[in-house]
1. Determine whether B:ASN357 is under 30 Å from A:GLU50 (Cβ atoms), part of a helix (DSSP H, G or I) and in contact with a Phe, Trp or Tyr (Cβ under 6 Å, 6 or more places away or on another chain).
2. Considering each of A:PHE377, A:PHE360 in turn, give the residue that is in contact with a strand residue (DSSP E or B) (Cβ under 7 Å, 6 or more places away or on another chain), over 28 Å from A:ALA41 (Cβ atoms) and aromatic (Phe, Trp, Tyr).
3. Name the single residue, out of those in the stretch A:127-145 being in a loop (DSSP other than H, G, I, E, B) and out of contact with any helix residue (DSSP H, G or I) (no Cβ under 7 Å at 6 or more places or on another chain), that is surrounded by the most Cβ atoms within 10 Å (Cβ to Cβ).
4. Consider A:ARG331 against the criteria (1) touching a residue at least 24 places away in the same chain (Cβ under 8 Å); (2) open to solvent by 10 Å² or more (accessible area, probe 1.4 Å); (3) part of a helix (DSSP H, G or I); (4) within 14 Å of chain B (Cβ to nearest Cβ): it satisfies all of them except one. Which criterion is unmet?
5. State the number of residues belonging to the stretch A:260-272 that are open to solvent by less than 30 Å² (accessible area, probe 1.4 Å) and without any contact (Cβ under 8 Å) to a residue 40 or more places away in the chain.
6. Looking only at the stretch B:146-198, how many residues end up being in a loop (DSSP other than H, G, I, E, B), modelled with pLDDT of 90 or more and open to solvent by 10 Å² or more (accessible area, probe 1.4 Å)?
7. Restricted to the stretch B:351-382, and to residues that are surrounded by fewer than 24 Cβ atoms within 10 Å (Cβ to Cβ) and of a type in the set (Ser, Thr, Tyr), which residue is nearest to the other protein chains (Cβ to nearest Cβ)?
8. Quick one: what pairs do we get from the stretch A:365-387, first residue of a type in the set (A, V, I, L, M), second open to solvent by 50 Å² or more (accessible area, probe 1.4 Å), C-beta under 8 Å, 6+ apart or different chains?
Protein chains: 2
Amino acid sequence: MVEKPPITFEVLARDGEARAGVLTTRRGIVDTPVFMPVGTAGTVKGMRFEALEEELDARIILCNTYHLWLRPGANVIRKCGGLHRFTGWRRALLTDSGGFQVWSLGALRKITEEGTRFRSHIDGNLQFLSPEISMEVQAALGSDIVMAFDECAAGDAAPDVLRRSMELTSRWAKRSRVRFDSLQSQALETGRTAPSETINGAQALFGIVQGGSYLDLRRESLDRTTEVGFDGYAIGGLSVGEEKTVMWRVVTDITPRLPADKPRYLMGVGTPEDLVEAVSRGIDMFDCVLPTRNGRTGQAFTSRGKINVKNAQWAVDTRPLDETCDCSVCRRHSRAYLRHLCLSGELLASVLLTHHNLAFFLDTMRRVRQSIRSGDFNKFRREFTEGLNEFEQDKALSSSDV
Amino acid sequence: MVEKPPITFEVLARDGEARAGVLTTRRGIVDTPVFMPVGTAGTVKGMRFEALEEELDARIILCNTYHLWLRPGANVIRKCGGLHRFTGWRRALLTDSGGFQVWSLGALRKITEEGTRFRSHIDGNLQFLSPEISMEVQAALGSDIVMAFDECAAGDAAPDVLRRSMELTSRWAKRSRVRFDSLQSQALETGRTAPSETINGAQALFGIVQGGSYLDLRRESLDRTTEVGFDGYAIGGLSVGEEKTVMWRVVTDITPRLPADKPRYLMGVGTPEDLVEAVSRGIDMFDCVLPTRNGRTGQAFTSRGKINVKNAQWAVDTRPLDETCDCSVCRRHSRAYLRHLCLSGELLASVLLTHHNLAFFLDTMRRVRQSIRSGDFNKFRREFTEGLNEFEQDKALSSSDV
C-alpha cells in the first residue's frame with residue numbers, strides 16, 4: 001500500500017488570496033504558482049528538453065492523453081517504459097484526461113453515461129474513451145499527476161444541459177477515483193520495466209470542477225468533487241470562448257472555496273495578464289498553449305505587450321524582442337532577424353519565438369512567486385499590467401505622428 | 001591597405017594525399033578538413049547557434065548570397081551591421097556567390113557576358129546578378145570568405161558548351177577579383193557600423209574551378225583561376241547529377257594540382273563516405289545540405305549507415321539512433337520517440353534529426369583529422385566505410401530470416 005504520498009503541497013507565503021507554495025513530486029520540487037508548458041504529443045513543440053530544463057528551469061509540463069493514446073498509442077509507450085522514458089523528459093509530468101480534447105472534436109463525438117465515442121482526428125477510426133480507460137492510459141503513461149475524466153460542456157449551453165453535464169462529470173470523477181485506486185494498488189497495468197518503478201502509489205489524482213458560468217452549479221460540482229477526494233483540484237471548462245468577465249466571476253467565487261491545503265489548477269489559462277489575475281484569486285497551477293502556439297505564428301509576448309514579429313516596423317530593428325528579457329534568444333537575436341525568419345517560413349522562427357515566449361511566461365511566474373514571498377504582489381501586479389500596455393501606447397503615438 | 005591577411009592556412013600533417021591543417025580567420029580558428037553546415041537564408045534550418053557553437057563546435061558555416069540578397073535584401077543586412085550581427089552567428093562565415101543558385105533556377109535564367117538575368121523564386125521579379133554585384137552583396141554581408149561569381153554548366157553538357165562556360169567563369173573570376181579588391185580597399189560599401197569593422201582587407205576571396213567532366217577543361221580552368229590568384233580554391237560543378245565515377249575522376253586529377261599552400265574546397269559534397277574519400281584526395285573543406293535536409297525528411301546518418309527513422313522496425317526501439325554517438329539527441333532520445341515525432345509531423349523531429357546528423361558529420365571530420373595527425377587515416381577510412389554498411393547487412397540478414 002501507499003507509504004509515502006505521491007505529491008505533497010505546502011503553502012509557504014500568502015499575499016491577500018495569492019499564495020506561494022511548493023509542490024513536491026517524486027520527480028522534483030515545483031514552486032507554485034507554476035505555469036506548465038504544453039507538450040501535447042510528448043513534445044513541447046519546437047523546444048529541446050535541455051533548454052526547458054537547463055535554461056528555462058521548467059519543473060513540470062503537461063501532456064495530452066488523447067493525443068498520445070491515439071498516436072503512438074498506450075502500448076508503444078508502455079513497452080518503452082512509460083512516458084518519461086519514451087520522451088526523455090525527466091521532471092514532473094501532468095497528463096490531462098482526454099475529456100477536453102474529445103469534447104473539442106464537436107460533431108465527431110457522442111457522449112453516453114458509459115463514456116465518449118468519437119472519431120479519431122488522425123484516421124477517422126471510431127474510438128471509445130471512458131473514466132476507466134482514461135485512468136488505464138494515464139497509468140501506462142506513468143504521469144506524476146493524473147486528471148480525472150470529465151465532460152466539458154459548452155460555455156453557452158442551457159442551464160439544464162450544464163447541470164446534466166456537471167452531474168455526469170461528478171459520476172465520472174467517482175469512477176475515475178475507483179479505477180485509479182485499483183491501478184495504484186497493482187503494478188501490472190503499467191509500462192514501468194523495473195520493479196522499483198511501478199506506479200504503485202506513485203501517481204497523484206486531481207479532480208475537476210465543472211458547471212459552466214453558473215455559480216450554483218460550480219459550487220455543487222465543487223462539493224461533489226471534494227467529497228470524492230483528490231490530491232488537487234482543477235477548475236475546468238473556462239477559457240473556452242466565454243466572456244472574460246464570466247471567467248473571473250467563476251474563478252473569484254470558486255477558488256477560495258477549494259481546499260486550501262491542496263494545489264488549485266486553472267485549466268487552459270491564459271495570457272500573462274490572466275495568470276497574474278488568477279494568482280491574485282488564489283490559483284497555483286496553469287497550463288496554456290498561448291506561448292507555444294503563438295510562437296509558431298510569429299507572435300511574441302514581452303514585458304511591454306504582445307508584438308507581431310512580422311510587422312514591417314521591425315525590418316531593421318536591431319533590438320531584442322524584449323529589452324528587459326535575459327533569455328538566450330533576446331541575448332543573441334534581433335527583431336530584424338526574427339522577422340526575416342518568420343517571413344521566410346524558417347523552422348528557427350518557431351523554435352526561437354517559442355523559446356522566448358516560454359521564457360517570458362516562466363519568468364513572469366518566477367517574479368510572481370518572489371513578489372508574493374516579499375509581500376509586494378499587488379505592486380508587481382499593477383506594474384506588470386501597466387507595462388503590458390506600452391506597445392499599444394507606442395502604436396497610438398506613432399499613428400498620431402503620421 | 002591590407003596589413004594582416006584575412007585568413008592564413010597551414011598544413012600541419014599529411015597522410016598520403018590527405019592533409020590536416022588549420023585555417024585562421026579573424027573570427028577564430030578552423031581545423032581542416034572541415035565540414036561547413038549550410039545556413040541558406042542565414043539559419044542552419046532548425047538549429048540554434050548555441051548548439052552549433054557550444055555542443056557541436058562548428059567553426060564555420062556557409063550562407064547563400066542568392067537567398068539573402070533576395071530576402072531580406074542586402075540593404076537590410078547592411079543596415080543591421082552585416083550578416084554576423086544580423087544573424088547572431090559569431091564565428092567564421094563563408095558565402096557562396098549566387099552563381100550556383102541562379103544556375104539551378106534552370107529555365108528562369110538567361111546568361112550573358114555581363115551576368116545572369118533571372119526571375120526570383122520568391123516573387124517572380126526580374127533580377128540581375130553579375131560578378132560585380134555578387135562582390136558588392138558579399139561585401140554588405142561581410143562574410144569572412146567570399147566566393148568568386150561563376151557559371152555552373154550542366155554536367156552532361158556538350159564539350160563546346162562546357163568550354164564556353166568555363167571561359168566565361170574565368171573572365172568572371174577576373175572581374176570578381178577586381179571588384180573585390182576595390183571594395184576591400186574602401187570601407188564605404190559595407191554594412192559595418194564601427195570604423196574598426198570595415199571590410200578593408202578583412203575578407204578572403206576564393207576562386208572556383210569549373211569544366212564539367214572534361215579533365216582538359218578542368219586543368220585549363222585551374223590554370224586560369226590560379227593565374228588570377230585567390231586565397232583558396234574550390235572545385236565547383238560536381239555532385240550536380242553526374243555519375244560518382246566522374247566526380248572522383250575529376251577530384252582525383254584536379255585536387256593535387258591545386259596550390260598546396262591554399263585551402264581546397266569541394267563544393268556541395270557530400271555523403272559521409274564522400275567526405276572521407278575526398279579527404280583522401282587532398283580536399284580540406286566541404287559543404288552539403290544532406291545532414292540538414294535529410295534530417296527534415298526523417299533520415300538519420302549513423303556510424304552503421306543511413307536509417308529511415310519512420311520505419312516500423314523502430315516503433316518500440318528504445319536505443320539511441322546511433323549507439324556510438326555521444327550527441328545530446330542520442331544521450332536522451334530513443335528511436336521510438338524520434339519515429340513518433342516524425343510520424344506526427346512534429347517540429348522537434350526536424351530539430352533533433354538535424355542536430356544528430358550535423359553531430360555525426362562534424363564528429364566524422366574530427367575523427368578524420370585525428371587519424372591524419374596520427375598517421376592512421378587509411379585504417380580509419382577502411383573501418384569507417386565498412387561500418388556504414390552494417391544496417392544494410394542487418395536488413396539482408398533479417399529478410400533472409402523471413
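The values are calculated or read from the model by the stated rules, or taken from the named source; none is laboratory data. Because the structure is predicted, anything quoted here is derived from the model rather than measured. Ideal geometry is used to build each Cβ from the backbone, glycine not excepted, and the neighbour counts take in all protein chains shown. Remember, those area values only see protein heavy atoms, side chains included, never the ligands or the DNA or RNA. Shrake-Rupley method; radii C 1.70, N 1.55, O 1.52, S 1.80 Å.
1. Here the answer is yes, as B:ASN357 does meet what is asked.
2. Step by step, each of A:PHE377, A:PHE360 is checked, and only A:PHE377 is in contact with a strand residue (DSSP E or B) (Cβ under 7 Å, 6 or more places away or on another chain), over 28 Å from A:ALA41 (Cβ atoms) and aromatic (Phe, Trp, Tyr).
3. Applying the filter and picking the extreme gives A:ASP144.
4. Among (1) touching a residue at least 24 places away in the same chain (Cβ under 8 Å); (2) open to solvent by 10 Å² or more (accessible area, probe 1.4 Å); (3) part of a helix (DSSP H, G or I); (4) within 14 Å of chain B (Cβ to nearest Cβ), A:ARG331 violates only (1).
5. Count: 4.
6. Of the residues in that region, 3 qualify.
7. If we take residues in the stretch B:351-382 being surrounded by fewer than 24 Cβ atoms within 10 Å (Cβ to Cβ) and of a type in the set (Ser, Thr, Tyr), then B:THR364 is nearest to the other protein chains (Cβ to nearest Cβ).
8. Matching pairs, first to second residue: A:ILE372/A:ARG14.
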